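K.L.:
I have a structure here, written as structure tokens, and I will follow up with some questions on it.
The values are calculated or read from the model by the stated rules, or taken from the named source; none is laboratory data. Since this is a predicted model, take the numbers as computed values, not measurements. Neighbour counts run over all protein chains shown; Cβ positions are idealised from the backbone, glycine included. Please note that ligands, DNA and RNA were not included when accessible areas were found on the heavy atoms of the full protein model with its side chains. Shrake-Rupley method; radii C 1.70, N 1.55, O 1.52, S 1.80 Å.
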Amino acid sequence: MTAENIVVQALAWFDQGEYKRILARRVAIATESQSNQRDAELTRYLDEEIKPALSAMGFSLLSVDNPHAEHRPFLIATRIEDSKLPTVLSYGHGDVVFGDDENWREDLSPWELKEEGDRWFGRGSADNKGQHSINIAALEQIFKARGGRLGFNCKLLFEMGEEISSPGLAELCRDYKEQLSADIFLASDGPRLSAERPTLFLGSRGAVNFRLTIRARDNAYHSGNWGGLLTNPGTQLANALASLVNQHGQLQVAALKAPAVSGAIREILRDVDVNGGATDPQIDPNWGEAGLTPTERLYASNTLEVLSFLTGNPQRPMNAIPGHATAVCQLRFVVGTDWKNLADHVRAHLDAHGFPQVDVEFVRGSPATRFDPTDPLVGWALDIMQHTTGKKPALLPNLGGSLPNDVFADILGLPTLWVPHSYPACGQHGVNEHMLIPVAREGLAIMTHLLWDLGERGTSLLRQHLAHAGGAQ
């Protein structure tokens with residue numbers, strides 16, 4: 001059996017409609033983690049869909065309650081074939097965002113997979129049921145082809161609370177670090193660079209949400225009687241925000257700017273185009289950090305966004321000076337940013353610019369991660385992806401968005417490789433979410449080839465990785 005043979009077999013299985021039947025069953029389970037009415041469905045997804053598939057391949061299963069989110073359990077699945085073989089850890093989340101049933105197109109339902117042209121519509125088809133189902137299918141194809149073996153050790157971690165910011169995931173990885181120990185992390189989430197181009201990304205930008213508030217007084221006062229005599233917190237906060245990020249979308253807080261883009265990262269990103277597809281919004285060429293390409297702004301720079309701004313009563317504006325104003329902001333950042341001290345940096349900046357009345361509150365944050373793009377494991381994955389698809393894959397040092405990659409990279413200390421099976425216009429978190437059938441088919445071919453090859457020469461690959469990591473220290 002060769003890699004080409006097993007890929008052909010996997011695609012024949014896909015073309016017979018087997019993957020579609022599995023995905024339809026999984027989409028039909030309404031695993032909305034943001035709803036307290038779906039507790040039974042969240043557990044049922046693991047019990048009826050994931051556990052049987054992994055048990056059939058001889059995985060041992062460990063269910064773990066989530067102390068931080070009731071009825072949002074974890075599942076650790078383990079198959080050790082030989083302690084001398086390399087161990088791969090993968091990940092998936094079975095929960096989805098709200099279905100938002102009433103706003104889908106009239107002939108679509110979030111809980112019923114529907115094929116239309118080259119698309120499968122359904123909530124979770126792209127995020128993340130469709131993606132982890134591809135990876136499980138690849139394992140199944142290899143297990144069958146090797147007569148009940150994978151050729152490597154494998155562990156999988158499933159959670160049911162990713163869409164509510166993965167409560168308890170970091171604690172689980174600390175508490176079960178030995179059970180989750182591995183040599184390499186390989187999983188799928190997030191979008192490709194584009195539908196046409198296979199993509200490998202090595203981490204994600206971090207994100208910090210923070211709140212700015214001005215509480216001028218308890219009540220609003222008549223704008224005719226008091227205008228020009230009382231400060232307007234809405235006006236003041238608007239000016240405070242303008243001191244943080246200017247009219248061109250450029251971050252003004254020096255302590256929170258991204259490190260300079262290295263020559264190596266700039267060279268990697270030279271091959272990446274983010275102009276997008278026909279359904280993507282038009283990029284604003286004069287927005288964002290000066291001196292950088294659009295690709296560098298997205299993957300190698302920091303951005304500050306105003307997510308919401310509230311003062312007065314927008315639904316019923318009155319002729320009154322509001323008593324308070326508040327805004328929620330977000331910093332997206334790359335590795336090397338002093339994000340943990342964000343509140344102090346924003347405080348110092350606002351004070352220096354004459355806004356001591358603005359209160360700064362750190363809401364929540366997650367770290368940025370980036371695996372070494374020069375590591376031999378990266379070159380291995382890219383070569384396999386190109387050989388399988390006949391296309392040059394895109395390499396992203398990190399995703400523009402955020403994933404809980406820090407638990408795998410930092411807590412578990414693993415080299416992290418992500419191969420996404422969705423695309424930017426998939427409707428993730430919106431209505432009419434869908435998976436592109438050609439991308440799913442290509443994703444199965446890629447994952448089957450990667451995992452097959454890991455079983456063929458994984459030990460040698462890991463030796464190269466360890467030699468490179470030792471030389472880099």
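K.L.:
So, in region 437-450, of the ones that are open to solvent by 10 Å² or more (accessible area, probe 1.4 Å) and touching a helix residue (DSSP H, G or I) at 6+ places or on another chain (Cβ under 9 Å), which residue ends up nearest to D383 (Cα to Cα)?
P.N.:
The qualifying residue nearest to D383 (Cα to Cα) is H449.
K.L.:
For region 417-450, which positions are assigned to a loop (DSSP other than H, G, I, E, B) and hydroxyl-bearing (S, T, Y)?
P.N.:
Of everything in region 417-450, just one residue is assigned to a loop (DSSP other than H, G, I, E, B) and hydroxyl-bearing (S, T, Y), namely Y423.
K.L.:
What's the total number of residues in region 190-237 that are hydrophobic (A, V, I, L, M, F, W, C) and under 26 Å from P393 (Cβ atoms)?
P.N.:
6
K.L.:
If you take the residues in region 25-43 that are assigned to a helix (DSSP H, G or I) and open to solvent by 70 Å² or more (accessible area, probe 1.4 Å), which one is farthest from Y176 (Cα to Cα)?
P.N.:
R25
K.L.:
Can I ask one more? Anything in region 388-402 that is in contact (Cβ under 8 Å) with a residue 24 or more places away in the chain and open to solvent by 20 Å² or more (accessible area, probe 1.4 Å)? List them, or say none.
P.N.:
If the condition is that a residue be in contact (Cβ under 8 Å) with a residue 24 or more places away in the chain and open to solvent by 20 Å² or more (accessible area, probe 1.4 Å), then T388, T389, K391, K392, L395, G401, S402 are the ones that fit.
K.L.:
Report, ordered by the first and then the second residue, all pairs with beta carbons closer than 7 Å, sequence separation of six or more or different chains, a first member in region 221-235 that is under 14 Å from P317 (Cα atoms) and assigned by the TED database to the domain that holds G354, and a second member that is open to solvent by 100 Å² or more (accessible area, probe 1.4 Å) and not aromatic (F, W, Y).
P.N.:
H222/N319; S223/N319
K.L.:
Residues in region 382-400: is at least one touching a helix residue (DSSP H, G or I) at 6+ places or on another chain (Cβ under 6 Å), within 30 Å of E4 (Cα to Cα) and acidic (D, E)?
P.N.:
No.
K.L.:
Please state which of the following conditions A348 fails to meet, knowing it meets all the rest: (1) open to solvent by less than 30 Å² (accessible area, probe 1.4 Å); (2) small (G, A, S); (3) more than 30 Å from W226 (Cβ to Cβ).
P.N.:
The single condition A348 does not satisfy is (1).
K.L.:
I would also like to ask the following. Scan (1) assigned by the TED database to the domain that holds P424; (2) exposed (fewer than 15 other Cβ atoms within 10 Å of the Cβ); (3) assigned to a helix (DSSP H, G or I) for the single condition V407 breaks and write down its number.
P.N.:
Tallying (1) assigned by the TED database to the domain that holds P424; (2) exposed (fewer than 15 other Cβ atoms within 10 Å of the Cβ); (3) assigned to a helix (DSSP H, G or I), V407 fails exactly one: (2).
K.L.:
Taking the conditions exactly as written (within 28 Å of P198 (Cα to Cα), touching a Pro at 6+ places or on another chain (Cβ under 9 Å) and open to solvent by 10 Å² or more (accessible area, probe 1.4 Å)), does D65 satisfy them or not?
P.N.:
Criteria not met by D65.
K.L.:
Restricting region 260-313 to residues that are open to solvent by less than 60 Å² (accessible area, probe 1.4 Å) and at positive phi, which is nearest to the chain's Cα centre (by Cα)?
P.N.:
G276
K.L.:
Please tell me if V431 is over 27 Å from W104 (Cα atoms), under 20 Å from the mean Cα position of the chain (by Cα) and of a type outside the set (D, E, K, R).
P.N.:
No: the conditions fail for V431.
K.L.:
May I pose another question? Please enumerate the residues belonging to region 415-453 that are of a type in the set (A, V, I, L, M) and either farther than 16 Å from E4 by Cβ or in contact with a strand residue (DSSP E or B) (Cβ under 6 Å, 6 or more places away or on another chain) (or both).
P.N.:
Result: L417, V419, A425, V431, M435, L436, I437, V439, A440.
Conditions (1) over 14 Å from the mean Cα position of the chain (by Cα); (2) surrounded by fewer than 16 Cβ atoms within 10 Å (Cβ to Cβ), marked per residue:
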position	(1), (2)
C154	yes, no
S165	no, yes
L172	yes, no
R215	yes, yes
G228	yes, yes
N232	yes, no
